[in-house]
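In what follows, a structure is listed as structure tokens, so that the remarks can point back to it.
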């Protein structure tokens, strides 16, 4: 084989690998921009703002449908009851249940996007880690009773993918802490 052919093939391969590398970096960038846009939309929703306040505080006023509601952990426990246990809910509890469903539905959409490779799972966790710590019980922001009812609610109403994701997150934190 002559030197010119070897150099041509080497140059072509180097150019191809460089293009593949640059293209993969561009795709990663675009995935992260997409994730950031989706997170910003999610964080702007009334339900997200309300749910994050309820997760962060043991008693707080939230605004829902142009109405201010004082929500405490006892109220959350009642609102998280599944309809096989509790058959009637107050108007405020019904509003909270709508917030729970919208919040959990939207988190589940993020999980599906990560599973489909549309967003990077590590970056998803990075953007929402504070909330995953609360939902998983790693952060002690919520009582065991509230978290227990919330997990029963998620399980009963089919948020299996979200539960699994949070459990995986919790287990990964435990593994990191053991090292």
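The values are calculated or read from the model by the stated rules, or taken from the named source; none is laboratory data. Computed from a predicted model, the values in this text were never measured in an experiment. Backbone-built Cβ (ideal geometry, glycine too); neighbour counts: all protein chains shown.
Values as computed for the structure displayed
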read-out	value
Residues located in region 130-179, provided they are assigned to a loop (DSSP other than H, G, I, E, B) and at pLDDT 95 or above	157, 158, 159
Residue among 50, 114 that is buried (at least 17 other Cβ atoms within 10 Å of the Cβ), touching a strand residue (DSSP E or B) at 6+ places or on another chain (Cβ under 8 Å) and part of a helix (DSSP H, G or I)	50
Yes/no for residue 36 being touching a residue at least 60 places away in the same chain (Cβ under 8 Å) and either within 23 Å of residue 118 (Cβ to Cβ) or buried (at least 16 other Cβ atoms within 10 Å of the Cβ) (or both)	yes
Identity of the residue in region 82-93, touching a helix residue (DSSP H, G or I) at 6+ places or on another chain (Cβ under 8 Å) and in a helix (DSSP H, G or I), that ends up surrounded by the fewest Cβ atoms within 10 Å (Cβ to Cβ)	92
Residues of region 53-81 classified as in contact with a helix residue (DSSP H, G or I) (Cβ under 6 Å, 6 or more places away or on another chain) and outside any helix (DSSP H, G or I), total	7
Per-region count, region 117-129, residues over 26 Å from residue 74 (Cα atoms) and in a helix (DSSP H, G or I)	7
Failed item in (1) closer than 17 Å to residue 159 by Cβ; (2) in contact (Cβ under 8 Å) with a residue 60 or more places away in the chain, with residue 77 passing the rest	(1)
